[in-house]
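Since the structure comes first, as structure tokens, the remarks are kept for the end.
The values are calculated or read from the model by the stated rules, or taken from the named source; none is laboratory data. Quick caveat: nothing in here was measured; it's all calculated off a predicted structure. We place every Cβ from the backbone using ideal geometry, glycine too, and count neighbours over all the protein chains shown. Just the protein is used for accessible areas: all its heavy atoms, side chains included, with ligands, DNA and RNA removed. Shrake-Rupley method; radii C 1.70, N 1.55, O 1.52, S 1.80 Å.
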Amino acid sequence: MILPIVAYGDPVLKKKAKEIDKDYPKLEELIANMWDTMYNAYGVGLAAPQVGVPIRLFVIDAAPFAEDDDLSDSEKEQLKSFKKVFINAQIIEETGDEWAFSEGCLSIPDVREDIFRKPEVTIEYQDQNFETKRETFTGLAARVVQHEYDHTEGILFTEKISSLKKRLINGRLKKISSGKIKVDYRMRFPSAKKGR
């Protein structure tokens with residue numbers, strides 16, 4: 001089932017999400033709905049807070065990035081098969097020299113900004129079967145993991161830009177939160193006027 005994606009301005013996006021255990025109600029159904037929702041919106045990652053559920057869960061399928069001709073063959077291969085569920089993730093380490101990449105977010109449509117992140121991340125998480133894993137990701141895979149992980153920490157990519165850029169996009173952010181934008185997927189807007 002396709003769920004509405006929560007728009008910028010909703011308090012759930014600023015909350016630090018809670019850990020869950022395997023008895024979390026209807027978890028399989030939530031994960032399936034998150035995949036449907038993400039693919040419907042042509043996303044590569046989606047965190048539970050983005051569908052209004054403040055738990056430490058996110059899904060990633062980075063295959064669309066594998067189409068990028070600027071990437072090495074090994075990076076393309078890595079991205080093509082990178083489809084995972086992350087539960088209760090904790091970043092252990094981020095290493096390397098920060099690099100910029102134009103990021104966007106399904107909760108903040110039509111806004112893209114260059115965000116600096118470290119190129120390598122080591123993360124510990126549980127998979128869908130609650131088996132604990134510890135993995136290191138590099139390049140674009142690391143970036144998608146860092147972006148989605150930030151959602152479970154209550155951090156949006158717009159918090160990682162300069163105050164000048166923030167001022168420049170402030171009007172667009174207000175329009176997003178009040179629903180004054182066109183999107184081709186279901187969204188829930190926190191400050192949209194009811195009954196119009």
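The Cβ shell under 9 Å around Ala66 holds other residues with a net charge of -2, Lys and Arg each +1, Asp and Glu each -1.
Packing around the peptides 155-167, 2-14, taken as the average count of other Cβ atoms within 10 Å per residue, puts them in this order, highest first: 2-14, 155-167.
Taking every protein chain into account, the accessible area of the chain amounts to 53 square angstrom per residue (probe 1.4 Å). What lysines does Lys182 reach when the alpha-carbon gap must be under 19 Å and sequence neighbours fewer than 8 apart in one chain are set aside? Excluding near neighbours in sequence, the set is Lys174, Lys193, Lys194. Using the Cβ of Glu19 as centre and a radius below 15 Å, the other residues enclosed give a net charge of 0, where K and R count +1 and D and E count -1.
Could you tell me which of the pairs Lys118/Lys175; Lys14/Lys175; Lys18/Lys84; Lys22/Lys133; Lys14/Lys76 are separated by over 22 angstrom between their Cα atoms in the structure shown? Cα-Cα > 22 Å for Lys118/Lys175; Lys14/Lys76; rest within.
Approximating the spin labels as points 7 Å out from Cα along Cα→Cβ, the Glu98-to-Glu67 distance works out to 3.1 nm. A simple spin-label model places pseudo-atoms 7 Å from Cα toward Cβ; at Ser178 and Lys165 they are separated by 2.5 nm. Helix-only arithmetic for the chain: the sum of -39500 (n - 2.57) across DSSP H runs with n ≥ 4, divided by the residue total, places the mean residue ellipticity at 222 nm at -8000 deg cm²/dmol. If a/c stays under 1.5 just call it rounded; otherwise compare a/b with b/c (prolate if a/b is bigger, oblate if not). Do that for the chain, with a ≥ b ≥ c from the square roots of the Cα gyration tensor eigenvalues. Here the chain falls in the oblate category.
Basic side chains Lys and Arg get +1 at the Cβ, acidic Asp and Glu get -1 at the Cβ, and with that the dipole of the chain about its Cα centre reaches some 1660 debye. Under the rule a/c < 1.5 gives rounded, and otherwise a/b versus b/c splits prolate from oblate, where does region 42-135 land using the Cα gyration tensor? It is rounded, given that a/c, with a ≥ b ≥ c, falls under 1.5.
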